[in-house]
Structures are given as C-alpha cells and as structure tokens.
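The values are calculated or read from the model by the stated rules, or taken from the named source; none is laboratory data. These figures come from a predicted structure and were not determined experimentally. Please note: Cβ atoms are built from the backbone with ideal geometry, for glycine as well, and neighbour counts cover all protein chains shown.
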Amino acid sequence: MRHPCLTRRGVVAVASLALASTAAFGGVAVAASDAEPVSTPVTIKTPDGQLTSYVVNARIANPGQTRLVETAVKAAGGVVVQSWPQIGVVIAHSKVSTFRADVLAKGANAVESVGATRTVAVSEGTPEVAGASWGRGASGYKQGAKKEFNGDLESDESPAAASDPRETEQWDMTMIKADQAHKITDGSRNVLVGVLDSGIDPDHPDLAANIDVPDSVNCTDAGRPDLSATGWYPTTSDHGTHVAGTIAAARNGVGIVGVAPNVRMAAVKVVNDAGFIYPEYAVCGFVWAGLKHMDVTNNSYYVDPFEFYCEDQPDQYAAKEAVRRAVAWSTEQGVVHAAAAGNSARDLSDKSSFKDTTSPDDQPASGFVTRTLNSGCEDIPTELDGVVTVSSVQRFPAGTTQSRLSSFSNRGLGKIDVAAPGSSILSTIVTNNGYGTKSGTSMASPHVAGVLALMKSVHPTWTPAQMVEKLRQQADDKACGTTTAGPVCVGPVEDNSFFGEGMVDALDAVS
C-alpha cells in the first residue's frame, strides 16, 4: 500500500505508523480501482498440521497494540516467532488451518491484516523462543545511538593513489565516474552499508577489512534475528559477496576496487539456503538496518514467493504491508535504500501489459499461476515509496564507455530513478576467494548503493530525502536513443522509462 501522503519519487517520512489500509482492512481485500481488473487470486493452502508462517499487522504500530496482536496469535493457536513493535508487525507460526480467520476474530480491535508468507511449509522450523514472545530487535532489545568508528580515517581525505591489479578491467567504475570520485574520497569509515543478500565471504582479502561483524545478522531463521558467529556467512550462494565487492571492495593492492572502498558493510543475510527471500526475512533485514542506524542498504532481490504482490489479495496485501512498514520505519531512522528494478524485461508502469507467469515461485513450475495484474500489484521492495529503483545498462558498443539498456532490465516511466552498469560486472566471489563476472539489475543496484555511501561520507548530515533528491539531480541525463527492435523507450531525456533521470554519477556525489 502506498501511504496517501507520499509520491513514488518521495522518500518515506511517516510521522506515525498508525496505518489503516485503503486496500485491505480486517483481512478483507478490495480491488485497487473500480476501473481495473481484480488480480488473479492465488490460494495459499494451510492444512491442519502444516507449519505455516504468517505476518500479522496491528492497526496501530505501538507496543500496546502489538501485545494485543500477540495475545490474539496465541489465542488462535499460533506461536509468536518475532515481534516488531516499532512497525506493529508480528511474525507467527501455526499448524491450525483456520488461523487467519481465528486471529482476526480474536484480535478484532487490534489486527489490521494477516497473511501467509509462503505457499509451502516452514522448512527451518520454529525457532526456540524460550517462552518469551519478544525477540531481539523488539521492545526488550535496546536500540543504541549510531556508533562512530574510531579507526584511522586518514583515507577519508587522502585516498591511496596506487591502483589495484584488476582495476583497469572495471569499465563500470569509469562509466559512473567512480575513478574520478576516488581522487576526492574513498568514503568514510563512519558510513555503514547494509548488504541485504545471501551473506558476505568473511575472509575474502578484498572484503574482510570492510565487514562490520558486530552489526551483521542472519534473518533467515524464520525472520528472527540470529546473532550466531557464523549465521551471516554465505552458504549456497555467492550473490551477496559479488554485490559487496561492487559496493566496497577495499583499495588494498589486491584484486578490484569498489565504488566506496573505505566504507563499512554489514552482512544482513535475507536469502535462505534454498534461495528464497520471504517477507519475514525482508522485514527483519530492514528493521535491523534501522536499529543499527545504517546509512544505506542494497537490495538486489524481490521478495518471494510472488514477483508482484497484489493489494487486492489478502495474503499478498498483508505481506506487502509488513515490508512497506519496515522500509518506512528504517527510512525514518536515517537509512536510504537502493534496489534492483528486476530482470524480467517488464514495463513496471503498465501492469496490464503482461501477465505474471512465475509465481508463486516456491512451488514447482507446475504450481505457477498465470496472473492478471493491476496497478496495485508491485515488485517489492523496489516499487515501494522512497526506495531508489535502479535499471541496468550494458556497455555498447563494446570497448567504449557508451551504454544501452540491458536486455533483461525492467523499465517504466515514473518507476526508474537512475541507471547503472549491470551487465558482465567483475566483482568478488566466494570460490577461491576470487573474482568473476555476473549480470543483472542485482549488479546495477550496488553501484548506486556505493554512490550513496560516498555521498553520505561527504554530507553526513543529509537525510534520506536529501540524498535521493541529490542522487537524481546529479545523474547524467541519458536520452532514450533510437532502437529498431525490443521495447520502446518513452519520456524526455531528463526522466525516461529506460534510465530514469540518467546514469548515476559518483563524482558529482562527492563534489
């Protein structure tokens, strides 16, 4: 749901999270608009005996209301896995088939919406909560002030002049003028970037020095923060390690150099071993970023199991609302978010122009539902208000610094904020602590996260709203150009459907 006081381009600034939904209330969803079709329903079956995960959203985000929601969860036969009173969201597990209806009945004055977060049983089980319903990050977890790094800050003003061995291969850094920005600053150690992804290789020589271990966390334990020593390590995917290298691979005479090679990164693991990012994982990640007063997050994913969450479907609405609240609250804490636009080559501004054929993706392909969409169906978190949406470009012609939209990149007039390189990007990987290339809007977004980190280094008092405004203003205008095949680019050079306001500019960010 879009907050009625916000525009797509605006940064979330919510004075209160007392959120009565215009799209769903009391678990009953309505169509996004009388002029649009209802999206194709997807029934999430919750048979008795199957452990199912739910988000339960309070009508008002405060500790008292959240306690009432917890009471309703327990009365309906559920277990409270994690409570986030800051946003009025409770993560619950239940084996009762009627849990949704029961929790609405038991918490009629407190529950705004409830929805299953996956179409399959919970694979990780229910974490031990030791009889307590409030986990780390909730009211019992002290939220400290932003920590200042006490290490050597010399490189903030005087970046090293020497090049790392493979820096000459990083055409992407030249394209966004990061190489020129580094003559001014490599970034400040006081800036912390949350990498919401599959974890970061803890001993990679280009990354280890920049990983903030105390602020790293694993959110894939059913959406409950896991602070175990190795929980945030990558297991089945090096996606997060690749993303991290683009953001802040160190300038250390080894390998490559990131966009902001002197800032710190926290590994916020939101991808489980099967490759899924469920809503409760994303909620945990965004709230954790706010609790830790991170400056920037990178989000190179969409939240599973739906590529598009539709507000006129109760389960999808509740999950989307929980993530939206988490993004809004963390932004209020000073965190600015960059996100990948997606790799489906879709026009996000016109959901009626295509059908979603790959959801819910936690089912085998035979379980996919061909879905008609409407404007209330959104790719989250990238389409949420205040999130910087990044499209991908490829170098074209080869060997130049010119570019065109990557063939896989999503697009959309009024949907894309800025563009960045995302095709054949060289960065860090887990295997042999080495280097490799990957392609996707997942690779474009961390360039923007890195630029935001540089900007915050030079302008530490800027708010998320100011940073997004300046990022868009400073982007280098990129005209649609002419094409003979493929999608049509629309809009003026200043803000079009392919590149938004243009190529992100690291040099302007620090000048």
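Data for the structure
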read-out	value
Some residue of segment 352-368 being under 23 Å from Asn496 (Cβ atoms) and within 18 Å of the chain's Cα centre (by Cα)	no
Any hit, segment 483-496, residues being modelled with pLDDT under 95, in a loop (DSSP other than H, G, I, E, B) and of a type in the set (S, T, N, Q)	yes
Tally, over segment 47-73, of residues that are outside any helix (DSSP H, G or I) and closer than 24 Å to Trp329 by Cα	10
Total residues in segment 183-220, condition more than 25 Å from Gly334 (Cβ to Cβ), over 18 Å from the mean Cα position of the chain (by Cα) and in contact (Cβ under 8 Å) with a residue 24 or more places away in the chain	7
Hey, Ser330 in contact (Cβ under 8 Å) with a residue 40 or more places away in the chain and either in contact with a Lys or Arg (Cβ under 9 Å, 6 or more places away or on another chain) or over 29 Å from Thr46 (Cα atoms) (or both) or not	yes
Residue that is surrounded by the most Cβ atoms within 10 Å (Cβ to Cβ), among those in segment 102-128 that are small (Gly, Ala, Ser) and within 19 Å of Lys320 (Cα to Cα)	Ser113
Test for Ser300: is it over 21 Å from Leu454 (Cβ atoms), of a type in the set (S, T, N, Q) and touching an Asp or Glu at 6+ places or on another chain (Cβ under 9 Å)	no
Filter pass, Thr370 being more than 28 Å from Glu124 (Cα to Cα), outside any loop (DSSP other than H, G, I, E, B) and of a type in the set (S, T, N, Q)	yes
Residue in segment 451-468 that is surrounded by fewer than 24 Cβ atoms within 10 Å (Cβ to Cβ), of a type in the set (Lys, Arg) and either closer than 30 Å to Gln313 by Cβ or out of contact with any helix residue (DSSP H, G or I) (no Cβ under 6 Å at 6 or more places or on another chain) (or both) present	no
Considering residues of segment 82-102 that are aliphatic (A, V, I, L, M) and in contact with a Lys or Arg (Cβ under 8 Å, 6 or more places away or on another chain) only, the residue nearest to Asn57 (Cα to Cα)	Val89
